[in-house]
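Novice: Dropping the structure in here first, questions after.
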Amino acid sequence: MSSVPLSFEQLGSYSPMDFLTPHYRQQLHASLQYLQRPAGTLLLHKGERSLAQYYLLSGKVAVDAGPARQTFEGGSPQAHMPLNGSQPNPATVKALTDVSLFAVEHQLLERLLGWSQEAAYQVSSLGGMVEEQADEDWLARLLGTPLFGRLAPSHLHALLARFDYVEVEAGQRVVSYGEPGEHFYVIKRGRASISLPSAYSEQPALTLGEGEFFGEEALISGAVRSASVTMLEAGELARLHREDFVELVRPTLIPQISRNELARLSQQGSRKYLLLDVRLALEYRLGHQPESLNLPVANLRTHADSLDRDTSYVVTPEGGIRSELAVHLLNQLGFDAYLLGEQPPLAA
């Protein structure tokens, strides 16, 4: 069986990846998951929903859609189409030989296709005084972040229409530690420095550039600013008011997964997952969900290097706002994280 990952060029021969712009195809290429299954494995069940879209790389499968049954092999024209291009799965698929496949998250593919189709319109709608290419640069970087990676294209267009743009000078402090959060910011042009309180002096200084953002944590948690941000050079910021952020962005920052979806993910075996309880240790000891690991939200950043990036992290909801903030922080750090729905009783 073939276990060699697809090249960026090879990915373009699969449908509908050929419709993606190079930038979004590269983003999809980095997210591909590769699987190998032995002969006789039932790969897909007709009528069930899958979190991913699957493609056959090598081996032979049988596709049974009900009135018709067909077989095909990796490398054939049929193999360049998805085994389950729609939801629920349109057919039952069984491996007739050992097979290699690759998987693409359904929602990610749909978003990237939408962005590819609407990119030109979105950029032209921004207006402003800078050239279109500069708009594309900062916007492309913004869309590539975990924060905006979950935003539907139509939602994104509404969001961009509500940004206002402010010129800033070198040395200007944009937000200050301890003050209420009123705006979310994206750097459209220039660079900024994040400075933490003296208690966190051991943390390295962080510099933000074009397409990077700040100010969202205070708007998610309702707390005051946790750091100060100062411009290192003159530039321009895209700014979104709190009410618009809460309406348009905040719901997408906290992706949720139900217990049924979690069970399907576990059965498919395509990705490991770990339950996280982000409350304090004392709260955790008083009652927690079975099999959950305690990692207080305050320790997420300092313990990020010890977390496995091939694991999906499902945060239990008992922490309330802290649980929501933890999901956002994990996704911002590049992990795959969700808030668990359908809360059951706690186990003491």
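The values are calculated or read from the model by the stated rules, or taken from the named source; none is laboratory data. In this text, all values refer to a predicted model and were calculated from it rather than measured experimentally. As a convention, Cβ positions derive from the backbone with ideal geometry for all residues, glycine included, and neighbour counts pool all protein chains shown.
Novice: A52 fails exactly one of the following numbered conditions: (1) modelled with pLDDT of 90 or more; (2) within 31 Å of the chain's Cα centre (by Cα). What is the number of that condition?
Specialist: The single condition A52 does not satisfy is (1).
Novice: Follow-up. Within the range 312-325, can you find the residues that are hydrophobic (A, V, I, L, M, F, W, C), modelled with pLDDT of 85 or more and more than 19 Å from L286 (Cβ to Cβ)? Even if it seems obvious, please write down each step before you answer.
Specialist: Taking the range 312-325 and keeping what is hydrophobic (A, V, I, L, M, F, W, C), we get 314-315, 321, 325.
If we keep only those that are modelled with pLDDT of 85 or more too, we end up with 314-315.
Correct list: V314 only.
Novice: I'm trying to understand the selection: among the residues of the range 248-297, which are modelled with pLDDT of 75 or more and of a type in the set (G, A, S)?
Specialist: S258, A263, A281, G287, S292
Novice: Starting from residues that are at pLDDT 85 or above and either more than 20 Å from G334 (Cβ to Cβ) or not assigned by TED's automatic domain parsing to the domain that holds R141 (or both), keep the ones in the range 196-230 and report whichever is farthest from the chain's Cα centre (by Cα).
Specialist: Per the criteria, the residue is T230.
Novice: Let me ask you something else. I'd like the residue in the range 308-326 that is in contact with a strand residue (DSSP E or B) (Cβ under 7 Å, 6 or more places away or on another chain) and part of a loop (DSSP other than H, G, I, E, B) and, out of all such residues, is farthest from Q256 (Cα to Cα).
Specialist: The selected residue is D310.
Novice: Being surrounded by fewer than 20 Cβ atoms within 10 Å (Cβ to Cβ), of a type in the set (S, T, Y) and within 27 Å of E48 (Cβ to Cβ) is the requirement here; does T316 meet it? Outline the logic, then answer.
Specialist: Values: surrounded by fewer than 20 Cβ atoms within 10 Å (Cβ to Cβ): no; of a type in the set (S, T, Y): yes; within 27 Å of E48 (Cβ to Cβ): yes.
Judged against the criteria, T316 is not a match.
Novice: If I ask for residues that are part of a helix (DSSP H, G or I) and in contact with a helix residue (DSSP H, G or I) (Cβ under 9 Å, 6 or more places away or on another chain), which ones from the range 270-283 would you list?
Specialist: Within the range 270-283, the subset part of a helix (DSSP H, G or I) is 281-283.
If the condition is that a residue be part of a helix (DSSP H, G or I) and in contact with a helix residue (DSSP H, G or I) (Cβ under 9 Å, 6 or more places away or on another chain), then E283 is the only one that fits.
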